[in-house]
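Accompanying notes for the structure given below.
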Amino acid sequence: MALRKSPSSARAESWANGGSFIRVATALSESSSIHSEALYHLARDVSGMGLDPMSYNILEPEPYRQEPWGEESKSLLQPNIMQISASEDKIPVVSSPSSPHCSGGGGLCFSDGRRKVDYVLVFHQRRHSSIRSPPGSSGLQDQLSVVSNGNFPPPAGRDAAAAPAAGRGVPEEPSASVGEVFMELGDGEGHETVEPGDHEMHLIRLEFEASLVEAGLEIERDREFKTHGPSFTRIHAPWPVLCREAEFLKIKVPTKTSFELKEESGFSTSMSTVWRKLNQPFQPKVPHPEQGRTKLLSHCFSRDKLHLYNITSKDTFFDNTTRGRIVYEILRRTVCVRTCQTIGISTLIAKGVYDAAFPLHDGDYRVIGHPEERNDRQVLHEEWARYSAFYKYQPIDLVRKYFGEKIGLYFAWLGVYTQLLIPASIVGIIVFGYGVATVDTNIPSLEMCDERLNFTMCPLCDGACDFWHLSTACGTARASHLFDNPATVFFAIFMSLWAVLFLEHWKRRQISLSFSWDLTGIEEDEEHPRPKYENIVLQKRQRKQQKKKKKKKNEPEKQEDGTVTGKDRWRQKLLAAMAAGTPSAVEKLTWKDRLPGYCINVSSILFMFGLTFSAVFGVIIYRITVSALMAMSPDPEIKSNVRVTVTATAVMINLVVILILDEIYGAVAVWLTELEIPKTETNFEERLILKAFLLKFMNAYAPIFYVAFFKGRFAGRPGSYVYVFNDYRMEECAPGGCLIELCIQLSIIMLGKQLIQNNIFEIGIPKLKKFVRALKEKESKVQEKQEERPPQQWNLDYALAPFEGLTPEYMEMIIQFGFVSLFVASFPLAPLFALLNNVIEIRLDAKKFVTELRRPVATRAKDIGVWYNILSGMGKFSVIINAFVISFTSDFIPRLVYQYMYSQTGTMHGFIDHTLSYFNVSNFKQGTAPQNSEHGDITVCRYKDYREPPWSADAYQFSKQYWCVLAARLAFVILFQNLVMFLSLVVAWVIPDVPKTIVEQLKREKKLLVDLFLQEEKEKFQLIQSLFAKDASVPPGQSAPPVGRYSTLPPLATHGLARDGEGGTRARCRAASFSQFSRKQPANENENSVHTAV
């Protein structure tokens, strides 16, 4: 692609003479391989790159000035062989002498102390052994072939040499194709060469940074030359670039006009005032730029309306977060078309050209000096990222200002979730307290503990186990009543409605934040393809090109009649395609390209499910075998503690397996998502979330589902038990029911998962990584200790861990939400433990973001994305799960059926005897009856089931009571589900998604914007009229004053207005129609703000 001057620039000539800026094409699509001049100018006009260039000085030491940036850039973009010069590691500073003083200091500015560092690029200078040429080839230069897209013409010498060779019938070398370019690895003067990979990376960096300068950014490199270690490239965005990109990105900024939010009068206002006063001690001490109930009117930034915005300082009008986002957008779309076919900084990081790219933090997080001069990072650390601030509200607005909307929404969602856990925890404590208060009056547990009833139960295992009395399970029965009582049903209904209320409340909160953060009406940012996608598209394109080349070689070439051959024919086609302005076909991946990935995905997910079920089955085998072995022990203490020991150890094994598989599944989900080759980061993130959630959900809840719905259901009955491996009986529920075991399983897994993941994975592992990284860098620091200087902010930030997204944070909370909502009927204290965990989790995440992670790029987001759909689905699923837990796992329905259908007195007396069936011990299979029983001669034993007695005609068949209870259970499931769903719909209908105040404020804001622009048009029209009136009064010998900057009339219209007094036809001004609007502005206006009461 040829270099050319911008036709839209008034200073293009000075640009070309200075040799300072290089024109590089901006690609409209990463998958296109032809970048023509027409495409280049179209992209430049769209993105606003046709502005006047920024002048700059070279602020490097004097030896560096002798080899200017322009010469480097020219050598980089030579159409023939590219060669590394000795000055390529000394890229100068591109600066603006008129830039104002930088207020950051402390490593936040360029070396001139005037301009902010908005972004930092990091790459490593690596040590490598010297590559010496053989003695006989000292005059030769090593060459590296790099695939190009055809923009490099072949070297002149090569063409000249190839022509006579072709005339003599010598075949052309395949390396001489237009699709390749050769780069020099040596300088031919005895200098040490570098490795080919480093040389290629260096050239790519040169072109990329030249493109950044072309886009208007200013760059500064480290002054000292490093032979190894990280090197930093600092980037500054000047005011014209910020304005251009802010307009392109449609960033909303405050105007001078402000309006007061009207408060409704009445009881609700007084209550809200009282509530604010009560909440005052819990508010963080954060500076509020907007005092009271005043809000500045916001509008999308436009360079034509700078007079409307409250610009007190060009340095502070765009905050650091917005500046970093603007620079990232430029980095994301900047292309490298000559050295490699890539677009964006993400692709270059993936290729290893750069190691990292990040915006800087606002200085150190520790407060040094006066507390009044704290930066945003220090305020967040003091008021948010401390465990001692656990009782305070989060400064969500400041979090959003510093980290961006996406992270701000996560912490806002986490805060809403934690706040709503407070009423759920209180109700859960009340339910648990009810169980504690009524345990001594519960008739079923009293009957189980009554030794006078003398229920002799059948053996728990074959042969070695003896008969036992039901009164020995008294402790289990009493503990089961704590969680299995009538209040549990109410709590399950309450928590199902709580989930709906939580989602509705979050929707309202989300809309309120969108209004206060000026996110209403924003459009989603255009996303570029991912590096992996681009690489695969490029490989596909290259395969097609190779096939075409082979096909053309096999075809006979024509020589006469105006036809051309070989490389010239291909070049002619390329020029024809470039002249068309658009490529003939844009390469993309089809379902055939993704089919292998889909097949591997399906098979891998099925394998992971099988692995999870195998782990659960392995723990079941462990429980069965250990129970049998402990029952055979002669020690009576071991026999008496079989159930407690087996249950506790099995749950601990389950917890360890869950934690291990959790980490494995997280890595597998990333690998499987990469195989699908998603095009954009959003698609990649959504697919990754769904896979990771599916695998981790199955992993965390599979053991709980087994205990809740399968344990004891398929064990059989005495004389006809179900065996595993022909030796071990399937396990049964405890005499008090499976609900107490479900409670133990849920509580240990939930608490263990939260404690271990929070304390070890989120705290311990990052600290361990940081310690290892410090040990690795210790040796290099010792060597450079003599020349050590105070570390700059970019050095400190580079030592921090990179930000890897919010998926792990959301995933942890979503799994916890499942523990709180899905099986809450079995563990009413789950919301309390979740609340305690989240209070710590908020401060832990805050500390991690403020002190341990690099500053992430601010990302706009209107909602929490696919996570809301997952939450909504889990809320609906929890209704079904809780209905089945109450009806099938607990004894609530059997107690209800007995009391109202079978009880003689209408009470629970005789319930235990009603639930126990009879078994004749003579019907035991051979070898399964107890040997040497201590209970004497036992003829009949009891077991928990609804079956006919042995003296019945249908012995051991399900009784009528069984079918009656089953019908009642199914009826309860249907009734419970429909009732809760109906109440959920009522709650969702009663609570509107958008608060009424927000709707009114949006209307008022829209009305004020219309008034503001109408007033502006009126002022324009009045100014034009005054100028034309002056023009009419000018004597004939004088020239008319120029039309003001507000003029919207063409030259013919101005002449028509000027001749209006002469009786000619007057051209009607478009703004004249606005004269009918006469809305008055308040009298007390100043130059910075206009307050309007709404």
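The values are calculated or read from the model by the stated rules, or taken from the named source; none is laboratory data. Only a predicted model underlies this, so the values are computations on that prediction, with no experimental measurement involved. Cβ placement follows ideal geometry from the backbone for every residue including glycine, while neighbour counts extend to all protein chains displayed. To get the accessible areas, we keep the full protein, side chains included, count just its heavy atoms, and leave off ligands, DNA and RNA. Shrake-Rupley method; radii C 1.70, N 1.55, O 1.52, S 1.80 Å.
The table that follows gives values for the structure above.
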quantity	calculated
Filter result (part of a loop (DSSP other than H, G, I, E, B) and crowded, with 19+ Cβ neighbours inside 10 Å) within the stretch 445-466	PHE455, CYS458, PRO459, LEU460, CYS461, ASP462, CYS465
Leading residue by the ranking (nearest to GLY415 (Cα to Cα)) among those in the stretch 812-835 that are open to solvent by 10 Å² or more (accessible area, probe 1.4 Å), touching a residue at least 60 places away in the same chain (Cβ under 8 Å) and in a helix (DSSP H, G or I)	LEU835
Cβ pairs under 9 Å, 6+ apart, first in the stretch 861-889 and crowded, with 20+ Cβ neighbours inside 10 Å, second charged (D, E, K, R) and assigned to a loop (DSSP other than H, G, I, E, B)	THR889/ASP484
Within the stretch 246-271, considering residues that are surrounded by 12 or more Cβ atoms within 10 Å (Cβ to Cβ) and more than 18 Å from ARG303 (Cα to Cα), the one modelled with the highest pLDDT	SER258
Flag if TYR943 is assigned to a strand (DSSP E or B) and in contact with a strand residue (DSSP E or B) (Cβ under 7 Å, 6 or more places away or on another chain)	yes
Residue in the stretch 406-420 that is among the basic types (Lys, Arg), surrounded by 16 or more Cβ atoms within 10 Å (Cβ to Cβ), out of contact with any helix residue (DSSP H, G or I) (no Cβ under 7 Å at 6 or more places or on another chain) and more than 23 Å from THR889 (Cβ to Cβ) present	yes
Yes/no for ILE430 being under 42 Å from the mean Cα position of the chain (by Cα) and within 23 Å of ILE991 (Cα to Cα)	no
Condition met for CYS458 (in contact with a strand residue (DSSP E or B) (Cβ under 6 Å, 6 or more places away or on another chain), within 30 Å of TYR918 (Cα to Cα) and in contact (Cβ under 8 Å) with a residue 24 or more places away in the chain)	yes
Checking ALA988 against (1) under 51 Å from the mean Cα position of the chain (by Cα); (2) of a type in the set (Gly, Ala, Ser); (3) part of a strand (DSSP E or B), the condition it does not meet	(3)
Subset tally (residues that are on the phi < 0 side of the Ramachandran plot, part of a loop (DSSP other than H, G, I, E, B) and of a type outside the set (Asp, Glu)) for the stretch 328-362	11
Given (1) open to solvent by 10 Å² or more (accessible area, probe 1.4 Å); (2) at pLDDT 90 or above; (3) more than 27 Å from ASP863 (Cβ to Cβ), number of the condition ALA356 does not satisfy	(1)
Single unsatisfied condition, PHE982 versus (1) over 30 Å from TYR309 (Cα atoms); (2) buried (at least 17 other Cβ atoms within 10 Å of the Cβ); (3) within 38 Å of the chain's Cα centre (by Cα)	(2)
Residues of the stretch 221-259 that turn out to be closer than 17 Å to GLN125 by Cα and either outside any loop (DSSP other than H, G, I, E, B) or touching a strand residue (DSSP E or B) at 6+ places or on another chain (Cβ under 7 Å) (or both), as a count	11
Flag for ARG374 being open to solvent by 40 Å² or more (accessible area, probe 1.4 Å), out of contact with any Leu (no Cβ under 7 Å at 6 or more places or on another chain) and either free of Cβ contacts under 8 Å to residues at least 40 places away in the same chain or not charged (D, E, K, R) (or both)	yes
Subset of the stretch 500-528 that is over 25 Å from LEU985 (Cα atoms), hydrophobic (A, V, I, L, M, F, W, C) and modelled with pLDDT of 80 or more - its residue that is surrounded by the most Cβ atoms within 10 Å (Cβ to Cβ)	TRP517
Test: residue in the stretch 540-550 that is loosely packed, with under 11 Cβ neighbours inside 10 Å and at pLDDT below 60	no
Verdict on GLU762 being farther than 20 Å from GLY618 by Cβ, part of a helix (DSSP H, G or I) and among the charged types (D, E, K, R)	yes
Residues within the stretch 907-940 that are within 60 Å of the chain's Cα centre (by Cα) and either modelled with pLDDT under 85 or under 18 Å from ASP450 (Cα atoms) (or both), tallied	11
Qualifying residues in the stretch 386-406 (those that are of a type in the set (D, E, K, R) and assigned to a helix (DSSP H, G or I)) - the one nearest to the chain's Cα centre (by Cα)	LYS406
Matching entry among LEU1002, LEU1057, LEU1014 (being at pLDDT 80 or above, surrounded by 15 or more Cβ atoms within 10 Å (Cβ to Cβ) and in contact with a helix residue (DSSP H, G or I) (Cβ under 9 Å, 6 or more places away or on another chain))	LEU1014
Single residue of ALA953, ALA929 found to be assigned to a loop (DSSP other than H, G, I, E, B), aliphatic (A, V, I, L, M) and open to solvent by 60 Å² or more (accessible area, probe 1.4 Å)	ALA953
Residue check, SER614 loosely packed, with under 13 Cβ neighbours inside 10 Å and in contact with a helix residue (DSSP H, G or I) (Cβ under 8 Å, 6 or more places away or on another chain)	no
Test: residue in the stretch 700-720 that is touching a strand residue (DSSP E or B) at 6+ places or on another chain (Cβ under 6 Å), more than 30 Å from PRO531 (Cβ to Cβ) and not aliphatic (A, V, I, L, M)	yes
